[in-house]
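Taking it in order: structure first as structure tokens, then the write-up.
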Amino acid sequence: MGAWKNPILLISGIGISYLGNWIYLIAINISILNLTGSAAAVAGLFIIRPIAVLLTNFWSGSVIDRVNKRRLMILVDIARGILVFCIPFMKSLWVIYFFMLIINMVGAFFGPSSSVYITKLIPVENRKSFNSIMSMMNSGAFLLGPALSGVLIMNFDTNLCIFINAISFFMCAFFIYLLPNVEENEEKIREPLKWKILVKDWKKVKEFSFRSKFFIMVYLLFQSALLIGFALDSQEVTFIKQHLKLSDQDYGLIVSITGIGSLIGGMVSAVVAKKVPLRLYLGGGIFLTSIGYILFYSSINFISATLAFVFLGFFMTFANAGYATFFQNSVPAIIMGRFASIADMVQGTIQIGLTLFLGFFAEWFSLQMVCIIFSGVGILFAAALLAVTILPSKVHYFVETANSYSKELA
């Protein structure tokens, strides 16, 4: 149990933050709608994060890799908590948009920082179990957060939900404060950030990418299947309401049941982490997740749609845990922040393009046909990844021992 003290603190902190985010997400949408009465104003919320990523991620990785990750995560959560706490006092839509842009720009530092910190804190042999538990916590927050938000909004108001999210950031910062410092040779990583340094950092990421061809191939295949899935997510409400002719209540019930499937999937993936090979988590998880998408868009009623989504949610937890573990084991911690930040920026750009592309074709052709075709393309990428990961000659890339790349770019 002593070996898991620090991981439990980290899981607790981030888990509370996840829960606060889901409570906040429902509340901020309703708050903006109540303030403006405009559906377009609500839609604008979903554009803010990609904009923040594009403004931040081309340089944030260089900062992350040069500062104390634990301290940075604490500062990020405190800053987000203060900014979120201010939102209920604002009456201007554009001021709220600006604050949310800053919140997302600050938040862009947390994900890559936490990846590096997890890599240094968690021993290699425990990472898959840790990531499975993190996936389970995210699923639990996804299931519980909107429900709590609904109860709080009915009995109080949206402002309380927003305040709760602010408090969740402060609590996460406190849990991280209790964790140990994992930086080595910290005096060597303090370096002024200039344009030449950014260019040098991008070259290091490029060098690693060219040298680690198998990792990049796995990364590209996984992200291709995943990003197609994210694009398909944008059409799920339209498909449920217009094609299946289901009600808002039916949609809410499907989402809730899907959350239960994800939560069970996270529990199972954590339990069998020591017994199932990493390559099956990664390749098998994303392949079965992709199958779930085509089953959903082939569904004909509430029951078939729900079963497909439960299937999808269950195996998505395996895919996420497998990918996170493979990423942590394969990318050197010394450049992980830079690689993750640049990758997030590229992924965000592609995701916007794929979502718009899918929406455009769904307007011109049958929504179900277009989504099934997209799902089929996703399955092809996932099948290629599964085929690559189960090759006997590639098994050594998935051995869960000390990171073989960690010293390469030191």
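The values are calculated or read from the model by the stated rules, or taken from the named source; none is laboratory data. Nothing here was measured: the structure is a model prediction, and the numbers come from that model. Every residue, glycine among them, receives a Cβ derived from its backbone with ideal geometry; neighbour counts consider all protein chains shown.
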Completion exercise
Only unsatisfied item for Phe208, checking (1) farther than 21 Å from Thr355 by Cβ; (2) surrounded by fewer than 18 Cβ atoms within 10 Å (Cβ to Cβ); (3) touching a residue at least 24 places away in the same chain (Cβ under 8 Å), is (2)
Exercise for the section: Quick one: which residue in Ile372, Ile335 is assigned to a helix (DSSP H, G or I), farther than 25 Å from Gln235 by Cα and aliphatic (A, V, I, L, M)? Expected result: Ile335
Completion exercise
If you go through Gln351, Gln347, the only one that is at pLDDT below 75 and under 30 Å from Lys200 (Cα atoms) is Gln351
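So that you can scan it fast, the table gives a plain yes or no per residue for (1) closer than 21 Å to Ser135 by Cβ; (2) surrounded by fewer than 22 Cβ atoms within 10 Å (Cβ to Cβ); (3) at pLDDT 85 or above:
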{"site": "Ile291", "(1), (2), (3)": "yes, yes, yes"}
{"site": "Phe296", "(1), (2), (3)": "yes, no, yes"}
{"site": "Ser299", "(1), (2), (3)": "no, yes, yes"}
{"site": "Ile303", "(1), (2), (3)": "no, yes, yes"}
{"site": "Gly337", "(1), (2), (3)": "no, no, no"}
{"site": "Ile342", "(1), (2), (3)": "no, no, no"}
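Taking the conditions exactly as written (at pLDDT 85 or above and among the charged types (D, E, K, R)), does Arg127 satisfy them or not?
Numbers: at pLDDT 85 or above: no; among the charged types (D, E, K, R): yes.
Against the criterion (at pLDDT 85 or above and among the charged types (D, E, K, R)), Arg127 does not qualify.
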Handout entry: When residues of segment 387-400 are limited to those that are without any contact (Cβ under 8 Å) to a residue 60 or more places away in the chain and outside any helix (DSSP H, G or I), the one nearest to the chain's Cα centre (by Cα)
Key = Val399
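Can you find, within segment 250-269, the residue that is surrounded by the fewest Cβ atoms within 10 Å (Cβ to Cβ) among those that are of a type outside the set (A, V, I, L, M) and more than 15 Å from Asp233 (Cα to Cα)?
So in segment 250-269, the residues of a type outside the set (A, V, I, L, M) come out as 250-252, 256, 258-259, 261-262, 265-266, 269.
If we keep only those that are more than 15 Å from Asp233 (Cα to Cα) too, we end up with 250, 256, 261-262, 265-266, 269.
Details: Asp250: 16, Ser256: 14, Gly261: 23, Ser262: 26, Gly265: 28, Gly266: 27, Ser269: 27.
So, considering only residues that are of a type outside the set (A, V, I, L, M) and more than 15 Å from Asp233 (Cα to Cα), the one surrounded by the fewest Cβ atoms within 10 Å (Cβ to Cβ) is Ser256.
Going by the structure shown, is Ile373 touching a helix residue (DSSP H, G or I) at 6+ places or on another chain (Cβ under 7 Å) and either touching a residue at least 12 places away in the same chain (Cβ under 8 Å) or of a type outside the set (D, E, K, R) (or both)? Walk me through it before giving the result.
Values: touching a helix residue (DSSP H, G or I) at 6+ places or on another chain (Cβ under 7 Å): no; either touching a residue at least 12 places away in the same chain (Cβ under 8 Å) or of a type outside the set (D, E, K, R) (or both): yes.
When the stated conditions are applied, Ile373 does not pass them.
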Completion exercise
For Val67, the lone unmet condition from (1) touching a Lys or Arg at 6+ places or on another chain (Cβ under 9 Å); (2) among the β-branched types (Val, Ile, Thr); (3) closer than 26 Å to Leu227 by Cβ is (3)
Practice task
Mind listing just one residue for me: the one in segment 360-386 that is over 25 Å from the mean Cα position of the chain (by Cα) and small (Gly, Ala, Ser) and, of those, modelled with the highest pLDDT?
Solution key: Ser366
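Give the residue, chosen from Leu221, Leu227, Leu307, that is part of a helix (DSSP H, G or I) and over 18 Å from Val377 (Cβ atoms). Show your work before the answer.
Values: Leu221 fails: over 18 Å from Val377 (Cβ atoms); Leu227 fails: over 18 Å from Val377 (Cβ atoms).
Answer to the check: Leu307.
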Exercise for the section: Might you let me know whether segment 310-324 holds any residue that is in contact with a Lys or Arg (Cβ under 7 Å, 6 or more places away or on another chain), part of a helix (DSSP H, G or I), buried (at least 21 other Cβ atoms within 10 Å of the Cβ) and outside the structural domain of Ser60 (by TED's automatic domain parsing)? Expected result: yes
Completion exercise
The residue from Asn131, Asn57 that alone is touching a Pro at 6+ places or on another chain (Cβ under 9 Å) and of a type outside the set (A, V, I, L, M, F, W, C) is Asn57
Problem - Evaluation of Lys245 against (1) on the phi < 0 side of the Ramachandran plot; (2) free of Cβ contacts under 8 Å to residues at least 40 places away in the same chain (one fails), failing number - result: (1)
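Pick from segment 308-354 the residues that are among the aromatic types (Phe, Trp, Tyr) and over 17 Å from the mean Cα position of the chain (by Cα): which of them is nearest to Leu278 (Cα to Cα)? Break it down into steps so the answer makes sense when it comes.
Filtering segment 308-354 down to residues among the aromatic types (Phe, Trp, Tyr) leaves 309, 311, 314-315, 318, 323, 326-327, 339.
Remaining after also requiring over 17 Å from the mean Cα position of the chain (by Cα): 309, 311.
Numbers: Phe309: 24, Phe311: 20 Å.
Among those that are among the aromatic types (Phe, Trp, Tyr) and over 17 Å from the mean Cα position of the chain (by Cα), it is Phe311.
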Practice task
Examine segment 270-283 for a residue that is closer than 25 Å to Leu19 by Cβ and surrounded by fewer than 17 Cβ atoms within 10 Å (Cβ to Cβ), and state whether such a residue exists.
Solution key: yes
